[in-house]
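Here's the structure we're looking at; comments come further down.
Derivation of every value follows stated rules applied to the coordinates shown; laboratory data play no part. Here the structure is a predicted model, which means the values were calculated and not measured. Glycine also receives a Cβ, built like all others from the backbone with ideal geometry; neighbour counts cover every protein chain displayed.
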Amino acid sequence: MTENWSEKPEDDGVTLGPEEALRREIEKSKSLKVVKLQLKDALEKAHAKNRELEAANRLLAEKVTAREDTPTPSPHNPDRKTAAPPAFSLILYVLVFNILALAVLAFFMSQK
């Protein structure tokens, strides 16, 4: 049997020497502290993100309530702003077009 025993078969420290068992327990303790700090940091980041989202949610809720509180103009509402009248040049253009159309129509009607 030529097996290579490079690794120690027991990891729980029962048959290891007291120094080796103590060293492994210290390593486990250090790694657990690191994991604990990482989890604590992740928890703080999650709380910060939660506070940001709550603030954004509050802002959006305020915007919605503000929008719901403002009355929408209706055709029957006397306080409704009227649309701006069309420009004078547009009215003049439509008037001239209609007069010319009537003149052309009258011209063709007189040809019969």
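Relative to the present Cα-Cα distance, how much length would full extension add between Ser31 and Ala106 at 0.36 nm per residue of separation? Display every interim value, and only then the final one.
Details: separation 75, 0.36 × 75 = 27.00 nm, distance 10.07 nm.
Result for the pair: 16.9 nm of gain on full extension.
Spacing of the modelled spin labels on Ala66 and Leu43, each 7 Å from Cα toward Cβ, amounts to 3.7 nm.
On a full-extension model of 0.36 nm per residue, what is the gain between Ala87 and Leu59, subtracting their alpha-carbon distance, rounded to one decimal in nm?
Details: separation 28, 0.36 × 28 = 10.08 nm, distance 4.10 nm.
So the extension gain works out to 6.0 nm.
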